[in-house]
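The structure appears below as structure tokens.
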Amino acid sequence: MDPITNAPTGAVPYVTTDQMREVDRVMVEEYGIVLLQMMGNAGRGLARLARDRFLNRDARRRNVVVLAGGGGNGGGLVCARRLAGWGAAVQVWLSGAPERLVQVPRHQLAILERMGVPYRVAGDARFPLADLVIDALVGHSLSGAPHGAEAALIREANASDAAVLSLDVPSGVDAATGEVYEPAIEATATLTLALPKEGLRGDDARLHVVELYLADIGVPPELYARPTIGLEVAHVFAEDELLRIW
């Protein structure tokens, strides 16, 4: 039985990437809810879904590989920290040198280092066996086909026997248009943030999303009704901070 609550039918609208950028801007600039807080919420939700959907609700002694990109999304690294704290054997694989990380993921990586959670840079070792791979490489900021180390890690994840859980959008799928680039993560499930992205419901994208879940990252519902966003969103997380969309 799926442990996650199903979203009420018709209660959750889809959001364009432009609308989501405006949501992020208002959250930070007007509400004072900073990216570090939002990514903390995202990572907690991702870790809970990983444990409850893929690790039989017990993370202890389970092998998890977290793929982390160089952008501003530190949610995958927060997930790594939470799963390690719950007893999982976690490895983080970075798509680039750690000094290239921007502030939020760099902060999270520093915490993982203090905890003794190992990390590697793509290409310096053989991809390990795992019970679960977390895809936090690109997210909704994708611009064109993945290349270099990100593309290599996508291919490694797809070749693995492990289930793959993507954060926000499967890496290689355009959240705005639903276009699927080569390569693209073939997820087992996808946890998107705040509201589902418009491109995820395209026919080609759905083949890579497979199961779609939604995490509460703390956006006040009334924020969506602003003229620059123009959405009516009810209290969809009133009963659970994770919802299954399909």
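Quick check on region 20-92: take the gyration tensor over C-alpha atoms, sort the square-rooted eigenvalues as a ≥ b ≥ c, and tell me if it's rounded (a/c under 1.5), prolate or oblate.
It comes out prolate by the Cα gyration axes.
Kindly provide the GluC sites (Glu not before Pro) of region 1-53 that DSSP labels as loop, not H, G, I, E or B, and whose Cβ sees at most 10 other Cβ atoms within 10 Å.
Loop-located and lightly packed - GLU30.
Arrange the following residues from fewest to most other Cβ atoms within 10 Å of their Cβ: THR9, THR177, THR190.
So the ranking, lowest neighbour count to highest, is THR9, THR177, THR190.
Quickly estimate the mean residue ellipticity at 222 nm for the chain, helices only: each DSSP H run with n ≥ 4 gives -39500 (n - 2.57), and the total goes over all residues, rounded to 500.
Roughly -9000 deg cm²/dmol at 222 nm, from the helical runs in the chain.
Choose one of VAL102, LEU193, ALA215: the residue whose Cα lies farthest towards the positive end of the charge dipole of the chain (beta-carbon charges +1 Lys, Arg; -1 Asp, Glu; about the Cα centre).
Of the options given, the answer is VAL102.
If you fit an axis through the alpha-carbon atoms of helix 148-159 and take the longest principal axis of the Cα set of the chain, what angle between them do you get, 0 to 90°, nearest 10?
On a 0 to 90 degree scale, this one is about 80.
For an R0 of 35 angstrom, estimate the FRET efficiency from the Cβ-Cβ distance between TYR31 and ASP52 and round to the nearest 0.05.
Plugging the Cβ-Cβ distance into 1/(1 + (r/R0)^6) gives 0.75.
To the nearest 10 degrees, how steeply does helix 35-49 sit against the main Cα axis of the chain, on a 0 to 90 scale?
The helix 35-49 is inclined about 70 degrees to the chain.
Placing unit charges on C-beta atoms (Lys and Arg positive, Asp and Glu negative, everything else neutral), compute the dipole magnitude of region 5-239 about its Cα centre in debye, rounded to 20.
980
Identify, among TYR181, ALA7, CYS79, the residue whose Cα sits farthest towards the positive end of the charge dipole of the chain, taking +1 on the Cβ of Lys and Arg and -1 on the Cβ of Asp and Glu, with the dipole about the Cα centre.
Ranked along the dipole, the leading option is CYS79.
With a Förster radius of 41 Å, plug the Cβ-Cβ distance of ASP240 and MET115 into 1/(1 + (r/R0)^6) and report the FRET value to the nearest 0.05.
According to the calculation, E is roughly 0.90.
What's the ranking of 148-158, 191-201 by average number of surrounding C-beta atoms within 10 Å, highest first?
191-201, 148-158
Where does each of LEU242, LEU46 land when they are ranked from fewest to most other beta-carbon atoms within 10 angstrom?
Listed from fewest to most nearby Cβ atoms, that is LEU242, LEU46.
Would you mind calculating the relative contact order of region 5-239 from Cα pairs under 8 angstrom and at least 6 residues apart, reporting the percent as a whole number?
Result for region 5-239 is 21 percent.
Quick note: the coordinates plus some simple rules give every number you see, no bench work behind them. All of these numbers come straight from a predicted model, not from anything done at the bench. Cβ coordinates were reconstructed from backbone atoms using ideal geometry, including for glycine residues, and neighbour counts include every protein chain displayed.
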